[in-house]
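**Student:** Before anything else, here's the structure in question.
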Amino acid sequence: MSTATEQTVSPVANHARSGNKVKAKTGKGSSVDNNKMNFKTSMRRNWVLYLMLLPAAAFIVLFAYVPMYGLQLAFRDYDPLKGITGGKFVGFKYFQQFFDSPQFWDIMRNTVFISLGTLILGFFAPIILALLINQISSAKTKGFVQTITYMPHFISTVVIVSMINVFLDPNTGMIGKLFPNTILMENPNAFAPIYWISEVWQHCGWNCIIYLAALSAVDTSLYEAAKMDGAGRLQLIRHVDLPTIMPTCVVLLIMNMGSVLAVGFEKVWLMQNALNMPSSEVIATFTFRTGIQGFQFSYGAAIGLFNTIINFIFVVSANYISKRVSNTSIF
Amino acid sequence: MANITDAKLSGHSSLDDADDSHNAISIEAKKRAAEIPWNPKMHQQRGVSDWVVDIIIWVVLALVVIAVLYPMWFVVIASFSNPRLVATGQVTLWPRDITFAGYEQVFADDRIWRGYLNTIIYSVVGTAVNMIVTLPAAFALSRRDLRGRRPIMFLFTFTMYFGGGLIPNYLLFQQLHLIDNWLVYILPGAVSVWNLIIARSFFETSIPEELHDAAQIDGMGYFGYFMKIVLPLSSAIIAVLGLYYFVGHWNDYFTGLIYINNENKYPLQNVLQSILLGAQTAATGTTGSGVSAVAQQQLADQIKYGVMIVSTAPLIVLYPFLQKYFNKGVMIGAVKG
């Protein structure tokens, strides 16, 4: 990600940095500009650096790129004897099988609905919370509010889901009792809202840290100037705070766009039951159910690949749009 | 996340513009204010509306804090209140009729202890490996004189957005004999690209280059420089990364669900799942006859509360110590300075 940023966004910054560096070097009388030496020289001089990089690179190759190589399974019949790459090539058979399956549209609709809601709420809620917290003048109170709102982020999904179960229990749960006509966890219409709200509850505080950091960088003279112009507090928020965090917002939105079709597996899986299934089956859970539990490896690989490609298209196009519109991009 | 920095940089031009125009206006405004410093109408209006805004902000924040805090608080008090009172909604703010029956049941359950032990092993060893792999790599990638830095970084970053997915991973793990093997907790997730990027931008921005020049003069190689100078200056990033990785391991449920079949190797989260969300509750069979089904159900509920607390307790204990690093950590990854 940042490699790319350097190319696209901050040529100026790079320039400045290397400029400084050259200055520092010449000041000490060293004549070699390290950026310009060739690979062999670099290897000889910096072999320690490559060695330090090696374990991480090896792990990435083995556990990220080897599975990518294994994706060809999506286009082959799985043959347990010949391994991943040995099966018969069948083209798009398994993709077709997925598109033709009776659950296809339900799964797509559920996935998009659940994740889009999470995306939208999860985008706006932290911004609003950060703007509010930023209004607190006492450092102590600010710290207190932050401490409390960060906390749920560290609770495990298993515990979160059982908390949801406890509170939504129709007989004993505090929220469940408010809905006497239905059992919320078993109501297909309630599934997505429960998911969204609990996501916001858990991560809103944590996700606002980044905006608070951006807000702390606001030049206070801007506030003074705006106040001089007669701006009230709301106007300060709208005309000073909001523009300040806008670039951060855009980058986070792009990054989140990539997950439009990537609903977290764990939470949906744990919240699922036979009755809410019509609205809770998403691509990830379906892949697990058919691919791993049903041993249909090729089919599962095809569904997974389909999902990954859609996500990838989303990230790349969101990035492209934002580059055109606001000159902000992640690669 | 390092890009946000750069995004900020790119956004700079527009920010600067805003800056300029504001300055221009402010000079004008200052002039105006100097002419009529007593303009009472303006001041009064601002005062009242600000006051209203203030109240609204405070009320909303108070509601947010309550909404976040109360569910957690309720689980805490419910875990040692009389389960009958909890079930009938009579426990709201403070624990009532304190009992530790739920905790007794929790601690009498072998699965919990074994899960705890497994989780501690996976988390401690896992985090150690994470740090040993991630930090040196991040340092290497932070050095501008590393040839091929950009393509290497791209290969790392690409994996954040594209991957093999569940099935190819599963088959690979099968070939590597990682199924039902505790190393599945350590090796595949040894490096998180996200954390690598955070650490890299920390090394780039927070360690002054002059230190490296000085180390070079002292005849120190890169490794010595990293171990003796960079690491001691990096406690913030070590704490942040350690926290991220540790919490990730501690809360990991996915790995156990998919790659572990032997219950003796289950970490806490998977044990919890079978206790909390499974059909069979721990209370069934452990309480003697003569106890009504309702009471049994209530005890089962209390066990659930106790389990939630027990499993989250270590993180709660760590929380105050690590809290000061939260802001720092996210800022390192996000906004320079």
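The values are calculated or read from the model by the stated rules, or taken from the named source; none is laboratory data. Since the structure is predicted, the reported quantities are computational estimates derived from the model, not experimental observations. Cβ: placed from backbone, ideal geometry, glycine included. Neighbour counts: every protein chain shown.
**Student:** Which residue, of B:Asp213, B:Asp180, is at pLDDT 85 or above, of a type outside the set (A, V, I, L, M), surrounded by fewer than 17 Cβ atoms within 10 Å (Cβ to Cβ) and part of a helix (DSSP H, G or I)?
**Tutor:** After applying the criteria, what remains is B:Asp213.
**Student:** Taking the range B:134-149, which residues are hydroxyl-bearing (Ser, Thr, Tyr) and closer than 15 Å to B:Leu211 by Cβ?
**Tutor:** B:Ser142 - this is the single residue of the range B:134-149 that is hydroxyl-bearing (Ser, Thr, Tyr) and closer than 15 Å to B:Leu211 by Cβ.
**Student:** Read through the list (1) farther than 27 Å from B:Ile309 by Cβ; (2) at pLDDT below 85, then give the number of the only condition that A:Pro193 fails.
**Tutor:** (2)
**Student:** Okay, next question. Could you please find all residues in the range A:217-253 being among the small types (Gly, Ala, Ser) and within 35 Å of the chain's Cα centre (by Cα)?
**Tutor:** Residues satisfying the conditions are A:Ala217, A:Ser221.
**Student:** Could you grab me the full set of residues in the range A:227-242 that are at pLDDT 85 or above and touching a Ser or Thr at 6+ places or on another chain (Cβ under 8 Å)?
**Tutor:** Passing the criteria: none in range.
**Student:** Kindly state which helices (runs of 4 or more DSSP H) lie completely within the range A:199-282 and contain at least 2 residues that are of a type in the set (Phe, Trp, Tyr).
**Tutor:** A:265-271
**Student:** Then there's this: Would the range A:170-182 turn up any residue that is facing another protein chain (nearest Cβ under 7 Å), more than 26 Å from B:Trp250 (Cα to Cα) and under 20 Å from the mean Cα position of the chain (by Cα)?
**Tutor:** no
**Student:** How many of the residues in the range B:177-191 are more than 10 Å from chain A (Cβ to nearest Cβ) and under 14 Å from A:Pro55 (Cβ atoms)?
**Tutor:** Adding up the residues that qualify gives 1.
**Student:** Right, another one. Out of everything in the range A:95-153 that is aliphatic (A, V, I, L, M) and within 30 Å of A:Ala302 (Cβ to Cβ), what residue ends up being surrounded by the most Cβ atoms within 10 Å (Cβ to Cβ)?
**Tutor:** Per the stated criteria, the residue is A:Ile114.
**Student:** Can I ask one more? Do you know which residues across the range B:134-176 are of a type in the set (Phe, Trp, Tyr), surrounded by fewer than 22 Cβ atoms within 10 Å (Cβ to Cβ) and either at the interface with chain A (Cβ under 8 Å from one of its Cβ atoms) or part of a loop (DSSP other than H, G, I, E, B) (or both)?
**Tutor:** B:Phe154, B:Tyr161, B:Phe162
**Student:** Between residues in the range B:308-337 that are farther than 14 Å from A:Tyr150 by Cα and surrounded by 21 or more Cβ atoms within 10 Å (Cβ to Cβ) and residues that are aliphatic (A, V, I, L, M) and at pLDDT below 65, which pairs lie under 6 Å by C-beta distance while being six or more apart or on different chains?
**Tutor:** Cβ pairs passing all conditions: B:Gly333/B:Met1; B:Ala334/B:Met1; B:Ala334/B:Ile4.
**Student:** Another question, then. Answer yes or no: is there a residue in the range A:303-324 that is crowded, with 20+ Cβ neighbours inside 10 Å and outside any helix (DSSP H, G or I).
**Tutor:** Within the range A:303-324 (the criterion being crowded, with 20+ Cβ neighbours inside 10 Å and outside any helix (DSSP H, G or I)), the answer is no, since none of the residues qualifies.
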